[in-house]
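Input: a single structure, listed below in structure tokens.
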Amino acid sequence: MQCFVIEGGKKLSGEIRISGAKNSALPIIAASLLSDKRVELENTPDLVDIRTMIELVKQLGTEVTFHRNTLTLHTPKIKRVDAPYDIVRKMRASYYVLGALIARAKKAKVSMPGGCAIGPRPIDLHIKGLDVLGADVEIKDGFINARARKLKGAAVDLQGPKGTSVGATINTMFAAARASGITTITPAACEPEVVDVADFLNAMGCTISGQGTHTITIRGHDYVRAVRYRIIPDRIESGTFAVAAVITRGKITMRGCNPAHMTSVLDKLGEIGAKVNRSVSKLTISSSRTLRPANIFVAPYPGFPTDMQAQLMALLSIVPGTGTIKETIFPNRFMQAVELMRMGADITIEGDSAVINGVKRLSGARVMASDLRASAALVLAGLVAKGKTTVSRIYHLDRGYDRFERKLGKLGARIKRVNE
Ligand code: EPZ
């Protein structure tokens, strides 16, 4: 296995380019199964999860080329309709082929995704969406077996115990795109990645409106056309580098990003003491002399994103005073806390809330990544800790950050990837 070795204490400064959004590209690759025409995706990030999704669609019948972040996909016909366990267990987003296969081939057999480090990951809302549109969905021997003689548009209610669902909104859109008649999804997720998937489907010839609001309307039909589409920038990668600028008291300019997707994160960083200079596709973040603690309440978009919670915990660990974080979406998403405490952070976890008392300095240590965003938080802490930090199990991080240590190195970080 590989790990990062980081020498802390360096201010990061310079300019990097932000990659395309992982959480857009994954469903959009699955959406290409809906079409028998050529699909060209620009600004596709080169990540382990993207390579896994490519392997999956290739098994289902898609011809793929991937060169310099342009991904070309063509599925003249569907060869198989099953997503095997060994792929789904690696990447939960494999479940996006469920809605796409039901739409294209009217049947699908996808392994149950199971849970992951950040908590149980139910898919009851995904199944509900397909069921309301007329699919027969049965869970048997660890697989979701779905088939539909005919998909019929309907009103789909995706209200779950924690609000609506990004994944279920997207899977339901896929099936509705090929259902006869009109489908409405409420409450629909409003995340920019959901909007990107809907915009891609429209570019491919679908008829979707309301994306970005809590009610999405889809008029189903079979028309498709060849499409070239550009994936939106990754707002969580941008947010992670924005925290890197503040935590190291440096100055980082990000090109190819979209600050309009990051309002809640930029507002919170400004409250803590970041200086934010933004334009349509460029963002420069630096830090004022004094930093102040903040209270963070995770919420669905446009609220503060759960995918930025771990990174802010690392930052609050070295801000004088007491900050709090309330994680309302994933109950077990504080795995980074115990590792930060090994570096000297003063954090108390009570259920879905964390209380962080800032310390003067973190100390470098051997720490272990547990999930994608927790690993980013540990790297951020290592950048500012005294001495050497070794972050192991960085395969978690490679799932969601494109050339992370190369971008950090370009900004002056002393970080290297070594084989353990
Ligand atoms: C997407 O996950 C993202 N993943 C997550 O990013 C992100 O944290 C999450 O949305 C919330 O924004 C991808 O896009 C690949 P949800 P998803 O369904 O779709 C519950 C990252 O770090 N729920 O919106 O799985 C669920 O348990 C990853 O990039 C149900 O109850 O999230 C959670 O509490 C991590 N039933 C809440 O809804 C369901 O059928 C929101 O989950 C589905 C979800």
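The values are calculated or read from the model by the stated rules, or taken from the named source; none is laboratory data. This structure is a prediction, so every number in the text was calculated from the model and none was measured. All Cβ positions, even for glycine, are placed from backbone atoms using ideal geometry, and neighbour counts span all protein chains on display. The area values use the complete protein model at the heavy-atom level, side chains included, leaving out ligands, DNA and RNA. Shrake-Rupley method; radii C 1.70, N 1.55, O 1.52, S 1.80 Å.
Laid out as a table, the results:
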quantity: Top-ranked residue of the stretch 305-338 - restricted to ones that are open to solvent by less than 10 Å² (accessible area, probe 1.4 Å) and assigned to a strand (DSSP E or B), ranked as nearest to A369 (Cα to Cα); calculated: I325
quantity: Number of positions in the stretch 86-123 that are within 9 Å of the ligand (Cβ to nearest atom) and either modelled with pLDDT under 95 or over 15 Å from S165 (Cβ atoms) (or both); calculated: 12
quantity: Selected residue [assigned to a loop (DSSP other than H, G, I, E, B), modelled with pLDDT of 95 or more and within 30 Å of S238 (Cβ to Cβ)] from A198, A168, A188; calculated: A188
quantity: Residue check, I231 open to solvent by less than 40 Å² (accessible area, probe 1.4 Å), within 15 Å of the ligand (Cβ to nearest atom) and either without any contact (Cβ under 8 Å) to a residue 24 or more places away in the chain or closer than 23 Å to L71 by Cβ (or both); calculated: yes
quantity: Any chance G358 is open to solvent by less than 30 Å² (accessible area, probe 1.4 Å) and not aliphatic (A, V, I, L, M); calculated: yes
quantity: Hey, R342 open to solvent by 60 Å² or more (accessible area, probe 1.4 Å), under 25 Å from L411 (Cα atoms) and either in contact with a strand residue (DSSP E or B) (Cβ under 9 Å, 6 or more places away or on another chain) or of a type in the set (F, W, Y) (or both) or not; calculated: no
quantity: Among (1) within 16 Å of the ligand (Cβ to nearest atom); (2) under 20 Å from the mean Cα position of the chain (by Cα), the one test that A83 misses; calculated: (2)
quantity: Hits in the stretch 151-162 (condition: over 18 Å from the mean Cα position of the chain (by Cα) and in contact (Cβ under 8 Å) with a residue 40 or more places away in the chain); calculated: L151, G153
quantity: Complete set of residues in the stretch 234-256 that are closer than 25 Å to G382 by Cα and either part of a loop (DSSP other than H, G, I, E, B) or within 16 Å of the ligand (Cβ to nearest atom) (or both); calculated: D234, R235, I236, E237, S238, G239, T240, F241, V243, T248, R249, G250
quantity: Residues located in the stretch 66-88, provided they are open to solvent by 80 Å² or more (accessible area, probe 1.4 Å) and of a type outside the set (D, E, K, R); calculated: H67, Y85
quantity: Unique match (being in contact with a Gly (Cβ under 7 Å, 6 or more places away or on another chain) and part of a strand (DSSP E or B)) among V265, V224, V276; calculated: V276
quantity: Candidate set: the stretch 9-60, residues that are open to solvent by 10 Å² or more (accessible area, probe 1.4 Å) and touching a Gly at 6+ places or on another chain (Cβ under 7 Å); chosen: the one nearest to the ligand (Cβ to nearest atom); calculated: K22
quantity: Count of the stretch 395-409 residues which are over 16 Å from A242 (Cβ atoms) and either assigned to a helix (DSSP H, G or I) or among the acidic types (D, E) (or both); calculated: 8
quantity: Extreme residue, nearest to the ligand (Cβ to nearest atom), among residues of the stretch 131-154 that are within 14 Å of I182 (Cα to Cα) and open to solvent by less than 40 Å² (accessible area, probe 1.4 Å); calculated: L133
quantity: Filter result for N69 (more than 16 Å from the ligand (Cβ to nearest atom) and closer than 29 Å to Q309 by Cβ); calculated: yes
quantity: R292 vs. criteria open to solvent by 10 Å² or more (accessible area, probe 1.4 Å), within 14 Å of the ligand (Cβ to nearest atom), charged (D, E, K, R) and touching a residue at least 12 places away in the same chain (Cβ under 8 Å); calculated: no
quantity: Qualifying positions in the stretch 235-273 - closer than 28 Å to R68 by Cβ, open to solvent by less than 10 Å² (accessible area, probe 1.4 Å) and touching a strand residue (DSSP E or B) at 6+ places or on another chain (Cβ under 7 Å); calculated: S238, F241, A242, A244, A245, I252, M254, C257, P259
